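J.: Please find one structure pasted underneath; my questions will follow.
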Amino acid sequence: MKSLRHRLPPLTSLMFFEAAARTLNFTRAAEELHVSQAAVSKQIRQLEEGLGFVLFERVGRRVQLSPRGTQLHNKVSAAFNYLADAVDEISDKRSASMVTVAANTAISHFWLSEVMRDFRDRNPSFAASIRTITSDQPSDLFNDSVDLAVVYDPGQRIHWTAQLLFEEEIFPVASPAYIESHPLLSDGPEALLSQVLLEYERVQPNWINWSIWFKSLGIEPSRVRATEYGNNYIVLVDAATRGRGVTLGTRHLLDAEIRSGRLARLSSLSVRPGRGYFLMRNDQRPLGTDVEQLYSWIASYRVN
């Protein structure tokens, strides 16, 4: 039986791949890993050569995971998180010098990353390390090792204090080029049924996709015909920015994409399901000054 050393690619290349696959942006991955973008590209290229297949599909200046890349990322991400937890359990890393923040993939990518970047810029003397956990599984977000969690519609959680960050408002978004070539005949929900809909497969039952969105506006879900399906919201938003169709956008989460002009609202229609995103604090973890400072920053953060 071959040893793990001979079965596995270099762990450094897998770590670079995990960051690039999670962010779908080599520049962001390089910033996270404190290396150059060229170093990330080199590691990915060497990993692809060693495996014998492509992990990313290049579309202009953007990248998306190939089918095999998606399969590998799911396994690599789970393995690294498992290893990190194992190391933490037998070490003293879970101390006042480290703050662990958890969030689901959508809010981590589109909102929390900007919040954390601004926090570091405005608080250069902040001494604690920040450990970020990104997952769509509640068991990961509410793990005993987590100090703070940014989550969607958490419900009642024993030993956790909840602070509402913002209420959810959902509306259709697409690229300006798509909107120009696919004008709506009216502003009602019926007109949207003929659009190219990018549908999100719900990971959790309280998440909202096109079927639920249309139903809240009086349209039977059986009439909704999506063109593409996906279980990764980041990938669907990326597809929308490249003009492949219309996806559902959430206010605050996609504000930066809309401000930049990469996306625009397709209709004035919106749905407010009465849910929202919350900042959760683990009451069973020590409330040190580092945790309290970061909690206050996230709770009061407003995009300029």
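Taken together, the values in this text are just the output of simple stated rules run on the coordinates, not laboratory data. This is a predicted model, so every value here is computed, not measured. No Cβ is skipped: glycine too gets one built from the backbone with ideal geometry, and neighbour counts run over all protein chains shown.
J.: Just name the residue that is farthest from Ala174 (Cα to Cα) out of those in region 245-265 that are in contact with a strand residue (DSSP E or B) (Cβ under 7 Å, 6 or more places away or on another chain) and not hydrophobic (A, V, I, L, M, F, W, C). Break it down stepwise before answering.
T.: Initially, region 245-265 is screened for residues in contact with a strand residue (DSSP E or B) (Cβ under 7 Å, 6 or more places away or on another chain), giving 245-250, 252, 254, 258, 263-265.
Checking the rest, the ones that are also not hydrophobic (A, V, I, L, M, F, W, C) come to 245, 247, 249-250, 252, 265.
On the way: Gly245: 6, Thr247: 7, Gly249: 9, Thr250: 12, His252: 16, Arg265: 7 Å.
So the residue we want is His252.
J.: Would you point out the residue of region 136-149, among those that are of a type in the set (A, V, I, L, M) and closer than 11 Å to Arg281 by Cβ, that is surrounded by the most Cβ atoms within 10 Å (Cβ to Cβ)?
T.: First pass over region 136-149, keeping only residues of a type in the set (A, V, I, L, M): 141, 146, 148-149.
Checking the rest, the ones that are also closer than 11 Å to Arg281 by Cβ come to 146, 148-149.
On the way: Val146: 22, Leu148: 22, Ala149: 25.
Top of the filtered list is Ala149.
J.: Name every residue in region 44-65 that is of a type in the set (A, V, I, L, M), surrounded by 14 or more Cβ atoms within 10 Å (Cβ to Cβ) and within 20 Å of Tyr233 (Cα to Cα), in order of residue number.
T.: Those that are of a type in the set (A, V, I, L, M), surrounded by 14 or more Cβ atoms within 10 Å (Cβ to Cβ) and within 20 Å of Tyr233 (Cα to Cα): Leu55, Val63, Leu65.
J.: Taking region 243-272 as the search range and keeping residues that are in contact with a Ser or Thr (Cβ under 7 Å, 6 or more places away or on another chain) and in a loop (DSSP other than H, G, I, E, B), which one is surrounded by the most Cβ atoms within 10 Å (Cβ to Cβ)?
T.: Leu263
J.: Tell me yes or no: at least one residue of region 76-92 is exposed (fewer than 11 other Cβ atoms within 10 Å of the Cβ) and at positive phi.
T.: no
J.: Turning to a different aspect of this structure: Taking Asp118, is it in contact with a Lys or Arg (Cβ under 6 Å, 6 or more places away or on another chain) and either under 24 Å from Ile234 (Cα atoms) or buried (at least 16 other Cβ atoms within 10 Å of the Cβ) (or both)?
T.: Details: in contact with a Lys or Arg (Cβ under 6 Å, 6 or more places away or on another chain): no; either under 24 Å from Ile234 (Cα atoms) or buried (at least 16 other Cβ atoms within 10 Å of the Cβ) (or both): yes.
So Asp118 does not fit the description; no.
J.: Arg157 passes all but one of (1) out of contact with any Leu (no Cβ under 9 Å at 6 or more places or on another chain); (2) free of Cβ contacts under 8 Å to residues at least 40 places away in the same chain; (3) basic (Lys, Arg); which number fails?
T.: Of (1) out of contact with any Leu (no Cβ under 9 Å at 6 or more places or on another chain); (2) free of Cβ contacts under 8 Å to residues at least 40 places away in the same chain; (3) basic (Lys, Arg), only one is false for Arg157: (2).
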